[in-house]
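Written out below as structure tokens is the structure these notes cover.
The values are calculated or read from the model by the stated rules, or taken from the named source; none is laboratory data. None of these values were measured; they are calculated from a predicted model. Because the Cβ atoms are built from the backbone with ideal geometry, glycine has one as well, and the counts that use them run over all protein chains shown. Just so you know, the surface numbers come from the protein's heavy atoms only, side chains and all, with ligands and any DNA or RNA stripped out. Shrake-Rupley method; radii C 1.70, N 1.55, O 1.52, S 1.80 Å.
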Amino acid sequence: MGPYLVPFFKTVAIFFVLFGDDSRDESIFYCIVKCLPVISLIVFVLLHGMNLTEYYRYSRRILIGLIFSCFGDAFLVWPDYFEVGILMFAIAQFSYARAFGWRPMKILHGLGFAAVGALVYMFLAPALEGIMLYIVAAYITLICTMAWRAVARVEFYNDLWTWTKLCGCIGSIAFVISDLTIAINKFRCPVPFQHQIVMLTYYAAQMGISLSVVDSPIDELLEKTLKAS
């Protein structure tokens, strides 16, 4: 796996060398440099195999999430397209949640994330107006659902536990931290070093979620075998 991740680490390094001190701008060049790490992760997922069989269903959904995340990265470069960027990331969160699946359900985990989402929304709501009240509510619901499903997959006492599921879990939590930082900084109050926090946690999140595709066809096969036995 190491060589496949080299482009990702190189492009992340390039981004922080060029734009690590909040020296961002609304240029095509900034957009390209910002999107390159996610594009390298798209290639990473493709290199681990892709076809239309059920064994690659997980990988396909993660790939779709990465593609829409890349679109979201591009639109968020320009403030006028902020709502479109949120929509792109909402589709990405939906695709990730579908990849993580609904078993085991773990209702208590879901209630925990629902409570966190409700608290975050109550904190942000006074600063929201018009359609943003509904857009932010919908996005919080989606990202909390995505994180719930990622965390629910990790069962340390289960024979099906793998490090790749743990990567997806850590990645989902990092995604929540990244988006929460964006929301607080944009709608409530300035967050010190918000640019560095947002981008570090965001790239870490996408890497963790992308790593979760490793051996995913084998996981699918093992689950089907256990169900059949």
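If I ignore ligands, DNA and RNA and count only protein heavy atoms, how much of ILE135 is accessible to a 1.4 Å probe, in Å² to the nearest 10? The accessible area of ILE135 comes to roughly 40 Å². These residues, ARG188, ARG60, ARG153, ARG103, go from largest to smallest accessible area, 1.4 Å probe, as ARG103, ARG188, ARG60, ARG153. If R0 is 25 Å, the Cβ-Cβ spacing of VAL191 and LEU108 corresponds to a FRET efficiency of close to 0.25. Accessible area per residue was computed with a 1.4 Å probe on protein heavy atoms; GLU83 scores about 80 Å². Calculated from the structure at hand, Rg/Rh (Cα atoms, Kirkwood Rh) is found among (1) 1.00; (2) 1.05; (3) 0.97 as (3). Against the chain, whose longest principal axis comes from its Cα atoms, helix 82-100 is set at around 10 degrees. Taking the longest Cα principal axis of the chain as reference, the axis of helix 2-19 is set at about 10 degrees. Taking all protein chains as shown and a probe of 1.4 angstrom, TYR202 keeps an accessible surface of around 10 Å². Cα centroid separation, segment 132-182 to segment 19-47: 22 Å.
With a 1.4 Å probe rolled over the protein heavy atoms of all chains, the accessible area of TRP102, TRP78 falls in the order TRP102, TRP78, largest first.
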